[in-house]
Amino acid sequence: MSEKISRRDFLKIAGTGAAAATVLTGCGPASRYVTREPYAKMPEYTMNGQSTYYATTCRECAAGCGLVVRTMQGRALKTEGNKYNPVNLGKTCARGQATLDGLYNPDRVTGPVKKSGKGSQDFTANATWDAAVQVVTDALTKNKPAEVAFLLGLAPDHLFDLVSDLCTALGAPAPLRYGALSLFEARATLGEAARAVFGKPDLLFFDLAGADVTFSFGANFLETWISPVAYTRGFANMRRGNPNKRGYLVQFEPRMSQTAAKADEWIPIVPGTEGMVAAALGSLISEAKFGVASAAFSNANVAKASQLSGVPLATFDHLAKLFLGAAHALAIPGGAALGQTNGLENGKAILTLNALAGNLGQPGGVFFTPASPLGDEYHRPANAKELGDLIGQMKSGSIKVLFIHGVNPVFEIPQALGFAPALSKVPTVISFSSFQDETAVLSDYVFPDHTGLESFGYQRVPTGSGQSMLSGAQPVVAPVFDTKATADVLLAAVAKAGGSLASTLPSKHEVEYIQNKLGSLLTAKDGFYAASEIESFWVQFQQFGGWWKNTPELGTPTASLDTPLTVSQPEYAGDGDFYLFPFVSPVLGEAGANKPWLQEIPDPTTTVTWSTWVEINPKTADALGLDNDDVVLITSPAGSVEVSVYKYPAIRPDTIAIPFGRGHTAYGRYAVQGQGVNPADLFNSQVNPAGDLAFGAMKVTITKTGKQRQLARLEGILGVYGYATPAK
Amino acid sequence: MSHAHEHAHEHQDATPKALSATGKWGMVIDQDLCTGCQACVAACAMENNLSFIGEDDVAYGRSMQWIRIERYWQGEYPKVSMTDYQPMMCQQCGNAPCEPVCPVYASVHSASEDLNVQVYNRCIGTRYCANNCPYQVREFNWRDWPLPEPMSNRLNPDVTVRQRGVMEKCTFCIQRIHTGENTAAAANRDVLDGEVVPACAQACPANAITFGRIDDPTTQVAQLAQDSRGYHQLEEMNTLPRVTYLKGGSKHGSNG
């Protein structure tokens, strides 16, 4: 309709009827040519012109999944997986789908902010980008290099490379990387266990697709673990990829997680006893296989493992037979097994089961993830010990300026480590956060970066791709707000600083820096495209959403069964009656709480939305006089939280579980509306020998508060109008 | 809620196959593959301009999801297990209980696509259809749900934005069906198998959802619908659902 038709005109036309053609000539010229379409022709039936699609990389976690984003008229409408990207082959998880809720979030930081002070909630953009660059320049040049620190997230990697180069040029300490997911995955412990058993601390790839029997010790590979979309594909292929067999999954975990619910057998074990169980199984399996237990498992004590883990002896025999009888058996150590006081020993024992299965470098076995085409070193995220060192320096006043990007440490670093109080001792805190998160609140300046869908960049791939590859990012829409790429801010500050700093980092802007980095790939062997100069290469890098090799380059680990393993008993902090089992919310991940649709999506096992709950075995709850939605106080030596009870039928009676992801005090309206608690407030500061936090080794108490707070669940409960509990 | 899972086991040897051949568009969901990850739920919400409604209204049972993942518990600890995750959406019944009860013909059967369609501008919000739907997959707009700016930027222009007082439900992504049909017509050919993919199936990391022409025996969806693991939800009600579920857990390769 080119002209508007008023209601009055409409009534006139509608009322005249078929015989009134002559009357119509009395109408104005506009209404004469109006064609009225019935609304029955809804948008679903129309063709709205052509969309444009851009390939980029998802930034909701650091797995490096490729996205193709549908845009129209400069608006991003829908994210889909990039079918060419070897990590996700066209698929996405819920977080990848909801990334648009971050891009168009109403609580983004809309421009550079000079806060009125640490703690100010006022995020009005009151500074210019020139002033911001000046602040960064001063911060870099007017402090001694040792007084400058960077804390970065696990993505994006191009910014990590740039900051690493900057720190080297400046003489400042290398940047630390951190994210709550890396804490819950206990990445340092996984690396150290791999070093001890396989000789290299690199990231591993577990070939679920080819495995006949898989023992997963708390690895939540269908939820958030390292590269969930790739591992879900592996799981699907394990189940139905081969028409002649269906892979069998056994999950050892104190509560039935979303992953455990898909397992053929769920073995509810006491937290921290995973390694003892693995070693005991190893001794039984090797005994059956070689007639005598391998040296590696010679210290194992099956009876003791059974007694401490709560796994019956008969189950040990059954599981050992299962593992032994499989042509391709696999054992995976998850974060729950590693984030323990004995986590490193757990990891070693579990990884050694793979050596026993003889699956190293074999289908259905363990591999080293191929080295990245850019810098083959694996940059592992910081463990609690390294974070503690930084926090100690901040506290003592020896850090004068702290730059924070891609992570929300005030929320994601457990309170016991004391990050927030230490932040107040740092004279200049500069946050590059796109959102009004807790860390931005406690910063002096917020110079917002673009969100992932507005950014250039690249990401190395932790696992999931057989090929060596780099996932590429490009903006799919123009920046929604007055934000600026952090790489551009840093490079502008470097240029302004001049001198040797500027001559070591000559790139004028982010894209030039990335293109310089990609230079070595132009004619690299076995690339699925090559080019003689960067512009042609760059076009394809954007078009395909990255660069990868044609042939897989998975590495083969080697291990021996000759070194005896010792697995000590786990030690628990606190003297409560219940083990605390914290886990990452499968839907929210570490940073999804500000996206309303992720808040609204039900938890896969409890169907709870918008809030945090504590899972308690129904029998335990009955014994404590607790019912669904009763608010209880959970106390650990480090702190306490008040949270509503969810009577969870599939959890050990001596264990309670709380999801991580909610409990924000800032981070936008939806994060705050999702009234939850942060279980990390309960964590102690004890670390394991690999330096990771032993977050899984806690015993807590439950106290009734007498209060009630109803959890909003999708599953049916009786009497939704006016609360009523289901009849018992 | 449905008791479909029990039926999954009842129909191990029954043959619900004949029904799946009817209709035009159909879907097959493999419950052995579904991991309950909710990617389909998020993908559906983003594609179809669904409203999020906030904690209080979710607690009242008003959540607006065209697809949801059901799960049920069996037994008691330690012999407790969860039934297979069961994605539940409009089954696009050939004999739909929601259709005859609508006084204003808002819930009608599309002759061209053989789908159950909802005409939003006819709907007067009696909610009879939701009351009569045995699958409980119809969602009612109890309010004009707020969408603060700039969030409206992501709204899909191919899909009507609904308002208060209107019933809505899964459409099998009819906008994608029409785009596929238009593209095929412009090229003077038929729609290819796999050319039309609804948002849920496109996102699914486990490839548990297959979609296509159920009336063409050569398509992947038509062949999967003949799998001996297949069953229909509440099929004894003779609703003629167009979605076939494949029960999980069995030994793969032994055809059962």
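The values are calculated or read from the model by the stated rules, or taken from the named source; none is laboratory data. Small disclaimer: the values here were computed from a predicted structure and weren't measured. Methodologically, a virtual Cβ is constructed for each residue, glycine included, from the backbone with ideal geometry; neighbour enumeration extends over all protein chains shown.
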Residue match in the stretch A:679-696 (condition: within 14 Å of chain B (Cβ to nearest Cβ), touching a strand residue (DSSP E or B) at 6+ places or on another chain (Cβ under 9 Å) and buried (at least 21 other Cβ atoms within 10 Å of the Cβ)): no
Given (1) buried (at least 24 other Cβ atoms within 10 Å of the Cβ); (2) out of contact with any Pro (no Cβ under 7 Å at 6 or more places or on another chain); (3) of a type in the set (Gly, Ala, Ser), index of the condition B:Gly61 fails: (1)
Residues that are of a type outside the set (Gly, Ala, Ser) and surrounded by fewer than 23 Cβ atoms within 10 Å (Cβ to Cβ), drawn from the stretch A:63-76: A:Val68, A:Arg70, A:Thr71, A:Met72, A:Gln73, A:Arg75
Subset of the stretch B:80-98 that is surrounded by 24 or more Cβ atoms within 10 Å (Cβ to Cβ) and of a type in the set (S, T, N, Q) - its residue that is farthest from the chain's Cα centre (by Cα): B:Gln92
When residues of the stretch B:55-68 are limited to those that are in a loop (DSSP other than H, G, I, E, B) and facing chain A (nearest Cβ under 7 Å), the one farthest from B:Ala201 (Cα to Cα): B:Tyr60
Residues located in the stretch A:516-547, provided they are within 20 Å of A:Gly66 (Cα to Cα) and loosely packed, with under 12 Cβ neighbours inside 10 Å: none
A:Glu510, sole failed condition from (1) modelled with pLDDT of 95 or more; (2) among the charged types (D, E, K, R); (3) over 15 Å from A:His405 (Cβ atoms): (3)
When residues of the stretch A:415-436 are limited to those that are under 23 Å from the mean Cα position of the chain (by Cα) and of a type in the set (A, V, I, L, M), the one nearest to A:Gly397 (Cα to Cα): A:Ala420
Identity of the residue in the stretch A:665-678, more than 27 Å from A:Glu253 (Cβ to Cβ) and within 14 Å of chain B (Cβ to nearest Cβ), that ends up surrounded by the most Cβ atoms within 10 Å (Cβ to Cβ): A:Ala671
Selection count where residues are within 14 Å of chain B (Cβ to nearest Cβ), in contact with a strand residue (DSSP E or B) (Cβ under 9 Å, 6 or more places away or on another chain) and in a loop (DSSP other than H, G, I, E, B), scope the stretch A:590-606: 7
Residue tally, condition within 16 Å of B:Arg176 (Cβ to Cβ) and either within 19 Å of the chain's Cα centre (by Cα) or among the aliphatic types (A, V, I, L, M) (or both), over the stretch A:41-80: 7
Verdict on B:Glu76 being more than 14 Å from every other protein chain (Cβ to nearest Cβ), more than 25 Å from B:Ala199 (Cα to Cα) and modelled with pLDDT under 95: no
Tabulated pairs, the stretch A:491-506, first in contact (Cβ under 8 Å) with a residue 24 or more places away in the chain, second among the aromatic types (Phe, Trp, Tyr) and in a helix (DSSP H, G or I), C-beta under 7 angstrom, 6+ apart or interchain: A:Leu491/A:Tyr513
Residue match in the stretch A:553-576 (condition: closer than 30 Å to A:Glu80 by Cβ, in the same structural domain as A:Pro363 (by TED's automatic domain parsing), in contact with a helix residue (DSSP H, G or I) (Cβ under 7 Å, 6 or more places away or on another chain) and not in a helix (DSSP H, G or I)): no
Helices (runs of 4 or more DSSP H) fully within the stretch A:320-405 counting 3 or more residues that are outside the structural domain of A:Leu561 (by TED's automatic domain parsing): A:384-395
Residue ranges of helices (runs of 4 or more DSSP H) in the stretch B:132-229 with at least 2 members within 13 Å of chain A (Cβ to nearest Cβ): B:174-186, B:199-203
B:Ala39 being among the small types (Gly, Ala, Ser), buried (at least 17 other Cβ atoms within 10 Å of the Cβ), within 10 Å of chain A (Cβ to nearest Cβ) and in contact with a Gly (Cβ under 9 Å, 6 or more places away or on another chain): yes
Residue check, A:Ala174 of a type in the set (Gly, Ala, Ser) and surrounded by fewer than 24 Cβ atoms within 10 Å (Cβ to Cβ): yes
Per-region count, the stretch A:277-311, residues in a helix (DSSP H, G or I) and free of Cβ contacts under 8 Å to residues at least 24 places away in the same chain: 6
Hits in the stretch B:108-125 - residues which are within 14 Å of chain A (Cβ to nearest Cβ) and part of a strand (DSSP E or B): B:Val108, B:Asn116, B:Val117, B:Gln118
All positions within the stretch A:143-153 that are more than 19 Å from A:Gly406 (Cβ to Cβ) and either crowded, with 17+ Cβ neighbours inside 10 Å or touching a strand residue (DSSP E or B) at 6+ places or on another chain (Cβ under 9 Å) (or both): A:Asn143, A:Glu147
Considering residues of the stretch A:53-82 that are touching a Gly at 6+ places or on another chain (Cβ under 9 Å) and at the interface with chain B (Cβ under 10 Å from one of its Cβ atoms) only, the residue modelled with the lowest pLDDT: A:Gln73
Considering residues of the stretch A:87-143 that are of a type in the set (A, V, I, L, M) and within 14 Å of chain B (Cβ to nearest Cβ) only, the residue farthest from A:Phe205 (Cα to Cα): A:Val109
